[in-house]
Amino acid sequence: MSRTDPILATRTTTRLLDALHEVGNEPVWLQIDARYRGVVAGLARRLGLDDSDADEVGQQTLTEFFRCYRAGRYDRSKGRLSSWILGIAHHTTLAMIRKRQSEGRLSQTQVDEQIDEPKLRMIWTDERDRAVLARALGMLRDESEFDDRTLGAFELSSLRGVPVAETASQCGMSPEQVYVARSRVTKRLRSLVEELTAAFEEDR
């Protein structure tokens, strides 16, 4: 999907998985892929792979997840879905690292293969938060609640750090209007982030 479906995007992972039992429910598969692929790729990059290999790990991980899920190998009673996907992602990343090392394209000093579970989980959570913010910003831009000028003022002032006076000049607004725009959009963005994070965390 090129655009974010706000209903599916904020649906809990449990409900997405339940919907996968519906024959031909391709949009749900795509939403799960959209939810996790960037997180997996980010994890792989943090463990030492370049962008191309990290993207490949993201694809391989989700492909393996889909295969295992279809085979009935995911047992919700034994743990969180994110932990299961994290395990697949870590295994797939290590396999790619060893492949690149055997080819002489990656040195031992560039990676940490002995990373412990708490650090691995910390990286995963960090990448999840990045993915959630990016997804929330995409949803925000798709909404009709804010006009282009309001969103532009928010992006310039809050995301790019442009001074309020300069933002006001570029957007044809007063400084007071910039502050109001920034406050309104920030409030909505915070709400979207909370919804998406809650959906991500309720994953069994």
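The values are calculated or read from the model by the stated rules, or taken from the named source; none is laboratory data. Computed from a predicted structure; not experimentally measured. Glycine gets a Cβ as well: all are built from the backbone with ideal geometry, and neighbour counts include every protein chain shown.
Of the residues Leu94, Leu43, which is more than 22 Å from Ala134 (Cα to Cα), assigned to a helix (DSSP H, G or I) and of a type in the set (A, V, I, L, M)?
Checking each option against the conditions leaves just Leu94.
Going by the conditions given, is Ala181 modelled with pLDDT of 95 or more and under 19 Å from Arg141 (Cα atoms)?
Spelling it out, Ala181 is indeed modelled with pLDDT of 95 or more and under 19 Å from Arg141 (Cα atoms).
Quick test for you: out of Arg35, Arg73, Arg15, pick the one residue that is assigned to a helix (DSSP H, G or I) and at pLDDT 80 or above.
The unique qualifying residue is Arg35.
Just to verify a result, which residue in region 50-64, among those that are crowded, with 19+ Cβ neighbours inside 10 Å and small (Gly, Ala, Ser), is farthest from the chain's Cα centre (by Cα)?
The qualifying residue farthest from the chain's Cα centre (by Cα) is Ala54.
So Lys99 ticks every box in (1) assigned to a helix (DSSP H, G or I); (2) under 23 Å from Thr125 (Cβ atoms); (3) more than 21 Å from the chain's Cα centre (by Cα) but one. Which box is left unticked?
The one condition Lys99 does not meet is (2).
In region 81-104, what residues are in contact (Cβ under 8 Å) with a residue 60 or more places away in the chain and not hydroxyl-bearing (Ser, Thr, Tyr)?
Listed by number, the list holds a single entry, Leu81.
For Arg3, only one of the following conditions fails: (1) modelled with pLDDT of 90 or more; (2) within 29 Å of Arg190 (Cβ to Cβ); (3) not aromatic (Phe, Trp, Tyr); (4) not in a helix (DSSP H, G or I). What is its number?
Condition (1) is where Arg3 drops out.
Quick one: Val162 ticks every box in (1) touching a helix residue (DSSP H, G or I) at 6+ places or on another chain (Cβ under 6 Å); (2) modelled with pLDDT under 85 except a single one, so which number is it?
(2)
Against the definition (closer than 18 Å to Val28 by Cα, surrounded by fewer than 13 Cβ atoms within 10 Å (Cβ to Cβ) and without any contact (Cβ under 8 Å) to a residue 40 or more places away in the chain), how does Arg67 come out, yes or no?
Yes, satisfied.
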